[in-house]
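Peer 1: Handing you a structure now.
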Amino acid sequence: TVASNITTYRYENGRRYHAYRDGAYYQPNDDRQAKAGSIEHHVWLLTLNDALFFSPLQDPQRVLDVGTGTGLWAVDMGDRYPSCEIIGTDLSPTQVPYAPPNVRFEIDDCCSEWTYPENSFDLIHVRGLTGSVGNWPKFYQECFKHLRPNGYIEQLEFGIDIHTEPAETPYDEILKSFGPLLAEAGDRMSKTFEISTHMTQLIEQAGFVDVITKHFIWPIGPWSDDERLKELGRWNLKNWEDGMEGWVMAVLTRIHGVSLSIQRSYMQGLLDAGLLTNMGIMSSLQWSYQEVQNYRAQLLRGVKSNGVKAWHDVSVVPFRVLHTHLC
């Protein structure tokens, strides 16, 4: 059974959020976000050619999945490696109910002190924790301590800037505002949304060796001539359609995380598109529910508009991070 204080969820702006360490994480834990998470899991599998990890582990025996979410990656690992013990941790008890017997889920906060014995894991898998960790050096030190000699950490994150081709589009302001919005909100939260640009250096500083960083792009929409990228883009557009509200709702309504200049650019985009009649609707740094919905609608309209090829370098994947105990 799950303690009631863990399931006494916060309900806000029509969404449900975790109760344990209330406010520590910005995305909802409701069924809508779970559906979006399953789509994003599929996009990752398409990106990695159905691989669950890149590290050259032949027979992993114990694996930790940090921030497991609904647990789909952990379940897939359990199915593919039946002799491996997989532990998935998260702030929410919202994992799928059909996990194989070698997979278990725990409610835990990866930003607190880890309680596992040192040298416990062959692989620590980290995916989608951008905007969730306040002290990344400490987090990587915990990973280092809890990996066995020659164990691996793999972290998969995406950047937040939307790129377009052509470089200038009618939706330029709205599309280019997304990255700065999240970046400033992350600064105000003291939980960066830009970890994809810093994690290689931070992982090396934690003592890991053989750090290899591989970069991918995720099209937003099926505009690519490459069939594989076209399929990936089709699913990623669905990821944005289903997931974006959950990505930004708490960040923009709880945190005064957008500068006036960015706000004005965004508002001008809405004016140009005929979605607003004046600039007076937003006079402070706080966003309302409807303002977030307007922003989401306008941004999605931009990425789906004819002739716009939008993508993000959001699939920046450091992998094969070898850890050795030198003592």
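The values are calculated or read from the model by the stated rules, or taken from the named source; none is laboratory data. A quick note: this is a predicted structure, and the numbers were derived from the prediction, not measured. Virtual Cβ from ideal backbone geometry, glycine too; neighbours counted across all protein chains shown.
Peer 1: Looking only at the range 148-206, filter to residues that are part of a loop (DSSP other than H, G, I, E, B) and more than 17 Å from the chain's Cα centre (by Cα); which one of those is surrounded by the fewest Cβ atoms within 10 Å (Cβ to Cβ)?
Peer 2: Ala167
Peer 1: Oh, and also: Do the conditions hold for Val133, that is, is it touching a residue at least 12 places away in the same chain (Cβ under 8 Å) and in contact with a Cys (Cβ under 8 Å, 6 or more places away or on another chain)?
Peer 2: Values: touching a residue at least 12 places away in the same chain (Cβ under 8 Å): yes; in contact with a Cys (Cβ under 8 Å, 6 or more places away or on another chain): yes.
Against the criterion (touching a residue at least 12 places away in the same chain (Cβ under 8 Å) and in contact with a Cys (Cβ under 8 Å, 6 or more places away or on another chain)), Val133 qualifies.
Peer 1: Taking the condition of being surrounded by fewer than 19 Cβ atoms within 10 Å (Cβ to Cβ) and within 18 Å of Asp90 (Cα to Cα), how many residues in the range 112-127 meet it?
Peer 2: Number of matching residues: 4.
Peer 1: While we're on this one: Determine whether Gln263 is part of a helix (DSSP H, G or I), modelled with pLDDT under 90 and over 30 Å from Arg16 (Cα atoms).
Peer 2: No, not satisfied.
Peer 1: So, one more: Give the residues of the range 207-223 that are assigned to a strand (DSSP E or B) and among the hydrophobic types (A, V, I, L, M, F, W, C), sorted by residue number.
Peer 2: Across the range 207-223, the qualifying residues are Val209, Ile212, Phe216, Ile217, Trp218.
The rows are residues; the columns are (1) over 27 Å from Tyr25 (Cα atoms); (2) in contact with a His (Cβ under 7 Å, 6 or more places away or on another chain).
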| site | (1), (2) |
| --- | --- |
| His215 | no, no |
| Trp218 | no, yes |
| Trp223 | yes, no |
| Leu229 | yes, no |
| Arg234 | yes, no |
| Asn239 | no, no |
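Peer 1: Next question. Looking only at the range 135-147, how many residues end up being touching an Asp or Glu at 6+ places or on another chain (Cβ under 9 Å) and surrounded by 22 or more Cβ atoms within 10 Å (Cβ to Cβ)?
Peer 2: 1
Peer 1: What strands (runs of 3 or more DSSP E) completely inside the range 1-93 contain at least 3 residues that are hydrophobic (A, V, I, L, M, F, W, C) and closer than 30 Å to Asn150 by Cα?
Peer 2: 62-66
Peer 1: Given the criterion over 20 Å from Ala36 (Cβ atoms), at pLDDT 95 or above and not assigned by TED's automatic domain parsing to the domain that holds Ala34, identify the matching residue among Ser224, Ser284.
Peer 2: Working: Ser284 fails: at pLDDT 95 or above.
The conditions single out Ser224.
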